[in-house]
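Undergrad: Would you mind keeping the following structure in view while I ask a few things?
The values are calculated or read from the model by the stated rules, or taken from the named source; none is laboratory data. Quick caveat, the model's predicted, so the values are computed rather than measured. So basically every Cβ, Gly included, is an ideal-geometry build from the backbone, and we count neighbours across all protein chains shown. What goes into the accessible areas is simple: the full protein's heavy atoms, side chains included, and nothing from ligands, DNA or RNA. Shrake-Rupley method; radii C 1.70, N 1.55, O 1.52, S 1.80 Å.
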Amino acid sequence: MDNNNSLLDQLQRVPFFEKFTRHELGQISTIATALQFNPGAVVFSELSQAKSLFVLTKGQIHLLFDQSKIIEISPGQVFGDWAVVNDNMRMATARVAVYSEVIEIDAEAIKTFAIDPKIGYKIVCQIANNLVARLVVRSQIASHILIQEGESQFVEFKSSIRWNWHRKKDDAAMEQALLKSIAGFLNAKGGVLFVGVRDDGSVCGLAEDHFPNTDKMLLHVSHLVTAYLGKEALSQLHPTLVVIDEKTILRIDCEASFTPIFLTSSQEELFFVRMGNQTQSYKMRSAIQYIKNRF
C-alpha cells in the first residue's frame, strides 16, 4: 500500500472527514504528511505562524498556554485549525504526552487552490462547524486561565449564589454579597465574576445551591439583579455556564456601566466600586464625588 492510500485510509476513519468522499480524501492526502512524535516533542509552538492543521491518529497531545495544560487532544481529533482559518499566530503550544502519530495537512495548499477549491471550501466549512461547537470549550479555556491567575481588579470569586458553606444552609446574605460584587464591577471598569469558585481559586461548583436546573438558576440571578440593581444593570451582564473539573460554575461578565448602579437594600441605596482586588462601599458624599468624576 503506497503512502497516499495509507493516509487516505487513516483520514477516512476521522470523524472530521466523515462527510467527505473517498475521491475528496484522495486529493487531501496529496497535501498531507504522516508524522511521528516522541513524548515531550512540540508539534507547534505558541506565537508561531500557522501554516498547517493536524489530525491526531494515535497517542495524546496537550495544548498548553503559558506552560499550563488547558485541553487534551485525543485520537481522531483535529487541532491547530483555528489559527489557520483566521490567519493568526498560534494561541497555544501543542506538546506530545505519549508517543503519537499525526497527519499534518498543508493549509497553504488549501488557500492557494493546490487542490480542488470545492474540497478546500468543504474543509473550511467543517472547521467553522467545529469552531462553533468549541465556543464553550473556548470559554472553559479562558475561564481556566483567569481562575488560575487569581482575584484582581477585574476578577472575583464567589463560592455560591445562596448557599452558606459555614452554616450549611441558604442565606440571603450570600445573594447580597453577589450583588455587591456585580455592582462594584459595573461602577468601576467592568470585570468577571466567577460563582462556584472559592477564594483560593479551587472550583467547588454550584450543586449546593440546589436549583432544579440551570435555567431556574439563571432566572433566579436575573430576578435578583433586576430587583436590587435594576434593569439597566441586567442589560450590562453576560452570564455563561462553564464546566471546569467536571463542575458547573457561573461566569458573569460585567461591562463598565454608563450610569451609576445602586444596590437597594432595606429601603436604602448602597454604592459599591471595585478597587484593586476588593469591592469597596462608598458613603453617599464620597459616592457623589466618585459619580461626578466617573460618569
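Undergrad: Taking the chain as the reference, fit the longest principal axis to its C-alpha atoms, fit the long axis of helix 117-133 to the helix C-alpha atoms, and give the angle between the two in degrees, 0 to 90, nearest 10.
TA: Tilt relative to the chain: about 30 degrees.
Undergrad: Where the only charges are on Cβ atoms (+1 Lys, Arg; -1 Asp, Glu), what is the dipole of the chain about its Cα centre, to the nearest 20 debye? Please list the in-between numbers first.
TA: Details: 30 positive and 32 negative charges, 143 e Å.
Here the size comes out at about 680 debye.
Undergrad: Rounded to the nearest 0.05, what FRET efficiency do Leu219 and His62 give with R0 = 30 Å and r taken as the Cβ-Cβ distance? Could you check? Please report the intermediate quantities before stating the final value.
TA: On the way: r = 38 Å, r/R0 = 1.26.
Efficiency computed from Cβ-Cβ geometry: 0.20.
Undergrad: Now a separate question. Label-point separation (nm) for Lys231 and Glu101, each offset 7 Å from Cα along Cα-to-Cβ?
TA: Going by the 7 Å Cα→Cβ label model, 6.2 nm.
Undergrad: Enter the accessible area per residue of the range 78-220 (Å², integer; probe 1.4 Å; all protein chains in place).
TA: Numbers: 6830 Å² over 143 residues.
Accessible area per residue: 48 Å².
Undergrad: Quick one: in the chain, what % of C-alpha pairs are over 29 Å apart? Write down the numbers at each step before the final one.
TA: On the way: 21179 of 43365 pairs.
For the chain, the share of Cα pairs beyond 29 Å comes to 49 percent.
Undergrad: Semi-axes of the range 223-295's equivalent ellipsoid from the Cα gyration tensor, sqrt of 5 times each eigenvalue, largest first, rounded to whole Å? Present the calculation step by step, with values, prior to reporting the outcome.
TA: Details: eigenvalues 137, 42, 30 Å².
Those come to 26, 15, 12 Å.
Undergrad: What's the FRET efficiency of Thr112 with Asp9 using the Cβ-Cβ distance as r and R₀ = 30 Å, to the nearest 0.05?
TA: Numbers: r = 26 Å, r/R0 = 0.88.
It comes out at approximately 0.70.
Undergrad: Can you send over the solvent-accessible area of Arg22, 1.4 Å probe, protein chains only, in Å² to the nearest 10?
TA: Answer for Arg22: close to 110 Å² accessible.
Undergrad: Any aspartates and glutamates with Cα under 18 Å of the Lys168 Cα? List them, leaving off those in the same chain fewer than 8 positions away.
TA: Candidates past the 8-residue exclusion: Asp199, Glu208, Asp209.
Undergrad: Just to confirm the number: angle between the C-alpha axis of helix 3-12 and the first principal axis of the chain, 0 to 90 degrees, nearest 10?
TA: 40 degrees
Undergrad: Please give me, ordered by residue number, the GluC sites (Glu not before Pro) of the range 238-295 that lie in loop per DSSP and have at most 10 other Cβ atoms within 10 Å. Don't skip to the end; give the middle numbers.
TA: Numbers: sites: Glu246, Glu255, Glu268, Glu269; in loops: Glu246, Glu255.
In loop regions of the range 238-295 (DSSP not H, G, I, E or B), the sparsely surrounded GluC sites (Glu not before Pro) are Glu246.
Undergrad: Using a cut-off of 13 Å between beta-carbons, work out the net charge of the residues near Cys254 (Lys and Arg +1, Asp and Glu -1, Cys254 not included). Provide the component values of the computation, followed by the final result.
TA: Details: positive: Lys158, Lys180, Lys189, Arg251, Arg274; negative: Glu156, Glu232, Asp253, Glu255.
Combined, the nearby Lys, Arg, Asp and Glu give +1.
Undergrad: Still on this structure: Need one word for the range 160-295: rounded, prolate or oblate. Basis is the Cα gyration tensor (sqrt eigenvalues a ≥ b ≥ c); a/c below 1.5 gives rounded, then a/b vs b/c decides.
TA: Values: a/c = 1.81, a/b = 1.72, b/c = 1.05.
Cα axes put the range 160-295 in the prolate bin.
Undergrad: Please compare each pair in Lys19/Lys51; Lys51/Lys189; Lys169/Lys189; Lys122/Lys216; Lys180/Lys247; Lys247/Lys283 to a cut-off of 28 Å on the Cα-Cα distance and tell me which ones are over it. Walk me through the numbers on the way to the answer.
TA: Working: Lys19/Lys51 24 Å; Lys51/Lys189 38 Å; Lys169/Lys189 33 Å; Lys122/Lys216 40 Å; Lys180/Lys247 24 Å; Lys247/Lys283 38 Å.
Beyond 28 Å between Cα atoms: Lys51/Lys189; Lys169/Lys189; Lys122/Lys216; Lys247/Lys283.
Undergrad: For the chain, what % of the accessible area comes from carbon and sulfur atoms, probe 1.4 Å? All intermediate terms of the calculation are to be shown ahead of the outcome.
TA: Numbers: 8050 of 15570 Å².
Of all accessible area on the chain, carbon and sulfur atoms account for 52 percent.
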